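Q: Supplied in structure tokens, the structure appears directly below.
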Amino acid sequence: MSKGKILAVITTQRDKVAGGAPIFAADSLEELEQKAFLLEKILDAMVHEIDQDTKIIVKH
């Protein structure tokens, strides 16, 4: 079984996120949703919600 890979992180709380994946900052929850679903389509991956302010894009 292959493991998923985190391709990107989208957040409104930039100071609470770190790591090796690209991090995209959003100014509002609406912008967070827009960026997450756009990146999901571009990267052909899945969006997963970590919490209200943070989503990750994962390639399974």
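The values are calculated or read from the model by the stated rules, or taken from the named source; none is laboratory data. For clarity, every value in this text was computed on a predicted model and none was experimentally measured. Don't worry about glycine lacking a Cβ; one is built from the backbone with ideal geometry, like all the others, and counts go over all protein chains shown. We work out accessible area using only protein heavy atoms, side chains counted, and drop any ligands, DNA or RNA first. Shrake-Rupley method; radii C 1.70, N 1.55, O 1.52, S 1.80 Å.
Q: When the residues of the stretch 1-24 are filtered to those that are open to solvent by 50 Å² or more (accessible area, probe 1.4 Å) and aliphatic (A, V, I, L, M), which remaining residue is modelled with the highest pLDDT?
A: Ile6
Q: Filter the stretch 34-50 for residues that are open to solvent by less than 70 Å² (accessible area, probe 1.4 Å) and of a type in the set (D, E, K, R) and give the result.
A: Passing the criteria: Lys35, Glu40.
Q: Can you tell me how many residues in the stretch 25-60 are at pLDDT 95 or above and assigned to a loop (DSSP other than H, G, I, E, B)?
A: Summing the residues that are at pLDDT 95 or above and assigned to a loop (DSSP other than H, G, I, E, B) in the stretch 25-60 gives 7.
Q: Let me ask you something else. Six or more apart or on different chains, Cβ under 8 Å: which pairs go from a residue in the stretch 4-18 that's in a loop (DSSP other than H, G, I, E, B) to one that's surrounded by 15 or more Cβ atoms within 10 Å (Cβ to Cβ) and of a type outside the set (A, V, I, L, M, F, W, C)? Could you list them?
A: These pairs meet every condition: Thr12/Asp53; Thr12/Thr54; Gln13/Asp53; Gln13/Thr54; Val17/Thr11; Val17/Thr54.
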